[in-house]
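Colleague: I have a structure here, written as structure tokens, and I will follow up with some questions on it.
FYI, it's all coordinate maths here, none of it is from the lab. As the structure is a prediction and not an experimental result, all values here were calculated from the model. Virtual Cβ from ideal backbone geometry, glycine too; neighbours counted across all protein chains shown.
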Amino acid sequence: MHPPEMSAHYRWAIFCRVVDNLGDIGVCWRLARMLACFHGQQVQLWVDDLEAFFRLCPQARQPAVRLTHEGVEVCLWGEPWLPTACAEIVIEAFSCDPPASYVQTMAAHQPSPVWINLEYLSAEDWVAGVHRMRSPHPRLPLIKHFFCPGFTPATGGLPREPDLLARRDAYGASASARTAFLETLGVGAAVPGALTISLFAYAHPDLGEMLRCWEQGDRPVQLLVPQGRMLEPIARHLGAGRPDTGARVQRQALTVVALPFVPQRDYDRLLWSCDVNFVRGEDSFVRAQWAARPMVWQIYPQQEQAHMLKLEAFLQRYTQALDDATREAVVRFWYAWNGQGSLTAHWPAYAAALPELGRHARGWCAELAQMEDLATSLVNFCKAIVKSRVF
Ligand code: TRH
């Protein structure tokens, strides 16, 4: 990573609405933390659902509507909005519309704050055209800039802590670190020869079919499932009650272990511990790429199947360097995991391709790591605007 040129400390406000799930706060918290910890910025994170934040950061939990954690001031974005001093850089995550009175304060501020709309991640080609685009406010003297994370240097890049890959490699070099970490999650003795899979997903109508396939497979599968909406249907399939954290249920070749919901700072180590990671949404999807292991992505479903275009766009980039057979194995299984195609028909080819996919995942990760990371490109972009407004 290139160290940011900006040594000045600016006041940042990040606005986050938790629409559903954990991706909105997952991305915002990660970005806020990176700006504070690695770029020395003064960051306020306004979130309308503190519970969602505490789920990711249980160690920060306290009965307060404002707290400081890892150098970030985390504040409840409550209603009504109380007058608050304006930051120099305002990030509106995913078009969440900061409070109207805060926008008025921004308009009255001299010089105008930098206003960024941080977009959702997409591998589609249009992203490069929208990234950094200016959008003047229809009435107020304010300009909003679109900032798009992405997979090419023409975008804002991906969130990546500067020490992430070194920490991953150190962890990977220590079998005892892996065993010790998995023990903290209640994963007991390893199943000999097993394929260890982490599973984080939305509901899937054919999940039972997939589980049966793993039960009946030649290779043992150890399925690690953090607390969340997957455990209920898995328990139903297994004919068990909802497994408590630490519960371990075995059916033929399949062993399911119910994990706690892992704090976000530990989730990487779960991904680094597995042979295959099933991930979803945005943030876990990016972390699985930094884990440099085979992964299966369940994209956040949108109306009228709009998400399938995004899936296709990513697959086109991700599988470009693969031979035809391996590409087909990935594309077919990922489509099946996203509701188009048979999971059981396509799992064997995907499983057979895993050694090749492991090599590929390392190459893909190394390529992505050449790009400037999201926080650094944001800092450099905002610095240039601040400078142009002051002088
Ligand atoms: O929760 P998600 O489905 O979030 C989605 C997407 O962001 C989607 O784009 C957005 O529109 C929608 O939310 C509203 O998946 P995502 O993005 O992977 O976020 C999950 C977060 O939870 C991520 O930061 C990783 C974290 N996590 C843990 O910290 N511990 C865990 O045990 C697990 C399974 C996840």
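Colleague: Select from the stretch 3-75 those trypsin sites (Lys or Arg not before Pro) which occupy a DSSP coil region and have at most 16 other Cβ atoms within 10 Å, ordered by residue number. Numbers along the way, then the final one.
Modeller: Details: sites: Arg11, Arg17, Arg30, Arg33, Arg55, Arg61, Arg66; in loops: Arg17, Arg61.
Of the trypsin sites (Lys or Arg not before Pro), the ones in loops of the stretch 3-75 whose Cβ has at most 16 other Cβ atoms within 10 Å are Arg61.
Colleague: Taking the convex hull of the alpha carbon atoms in the stretch 164-369, what volume per residue do you get, in Å³? Don't skip to the answer; put the middle values down first.
Modeller: Working: hull volume 24.0 nm³, N = 206.
Per-residue hull volume (Cα only) is 117 Å³.
Colleague: Further question: What are the equivalent ellipsoid semi-axes of the chain, built from the alpha-carbon gyration tensor (square roots of five times its eigenvalues), in whole angstrom, biggest first?
Modeller: Ellipsoid half-lengths, sorted descending, are 38, 23, 20 Å.
Colleague: List the residues whose amide H sits under 5 Å from the amide H of Thr152, counting only those 5 or more places along or on another chain, with H placed 1.01 Å from N in the peptide plane.
Modeller: Close amide H contacts, sequence-distant or interchain: Gly157.
Colleague: Would you kindly state how much longer the chain becomes between Trp126 and Asp97 on full extension, computed as 0.36 nm times their sequence separation minus their alpha carbon distance, in nm to one decimal?
Modeller: Here the segment from Trp126 to Asp97 would lengthen by 8.2 nm.
Colleague: Sequence-distant or interchain residues sharing an amide H contact under 5 Å with Lys144, placed H: which?
Modeller: Placed amide hydrogens put Ser135, His137 under 5 Å from Lys144.
Colleague: List the residue ranges in the chain for DSSP H helices whose C-alpha atoms run 15 angstrom or more along the long axis and whose Kyte-Doolittle average is -1.0 or above. Present the calculation step by step, with values, prior to reporting the outcome.
Modeller: Working: long enough: 23-39 (22 Å, 0.72); 306-318 (19 Å, -0.02); 324-337 (19 Å, -0.23); 354-368 (20 Å, -0.33); 374-390 (24 Å, 0.91).
Span-like helices, by this rule, are 23-39, 306-318, 324-337, 354-368, 374-390.
Colleague: Arranged by the count of other C-beta atoms within 10 angstrom, fewest first, what order do Met308, Met34 take? All intermediate terms of the calculation are to be shown ahead of the outcome.
Modeller: Details: Met308 16, Met34 23.
Final ranking by Cβ density, sparse to dense: Met308, Met34.
Colleague: Evaluate the charge dipole of the stretch 286-391 about its Cα centre and quote only its size in Debye, nearest 20, assuming +1 on the Cβ of each Lys and Arg and -1 on the Cβ of each Asp and Glu. Spell out each step's value before the answer.
Modeller: On the way: 11 positive and 9 negative charges, 99 e Å.
So the dipole magnitude of the stretch 286-391 works out to roughly 480 debye.
Colleague: So how far apart, in nm, are the two label points at Glu215 and Gln252 if each is 7 Å from Cα heading toward Cβ?
Modeller: Result: 0.7 nm between the two label points.
Colleague: Note down the relative contact order for the chain as a percent, whole number, built from C-alpha pairs under 8 angstrom at least six residues apart. Kindly include the intermediate steps, with their values, before the conclusion.
Modeller: On the way: 662 pairs, mean separation 63.6, N = 391.
Computed over the chain, the figure is 16 percent.
Colleague: Here's something else I'd like to know. For Arg280, what residues show an amide H to amide H distance below 5 Å, using hydrogens built from the backbone and excluding near sequence neighbours?
Modeller: Placed amide hydrogens put Phe285, Gln298 under 5 Å from Arg280.
Colleague: Evaluate the distance, in nm, between pseudo-label points positioned 7 Å from the Cα of Arg362 and of His9 along their respective Cα→Cβ axes.
Modeller: So the two model labels end up 4.2 nm from each other.
Colleague: Right, next: Listing Ile14, Ile116 from the residue with the fewest other Cβ atoms within 10 Å to the one with the most, what is the order? Please report the intermediate quantities before stating the final value.
Modeller: Values: Ile14 27, Ile116 23.
Arranged by neighbour count, lowest to highest, Ile14, Ile116 become Ile116, Ile14.
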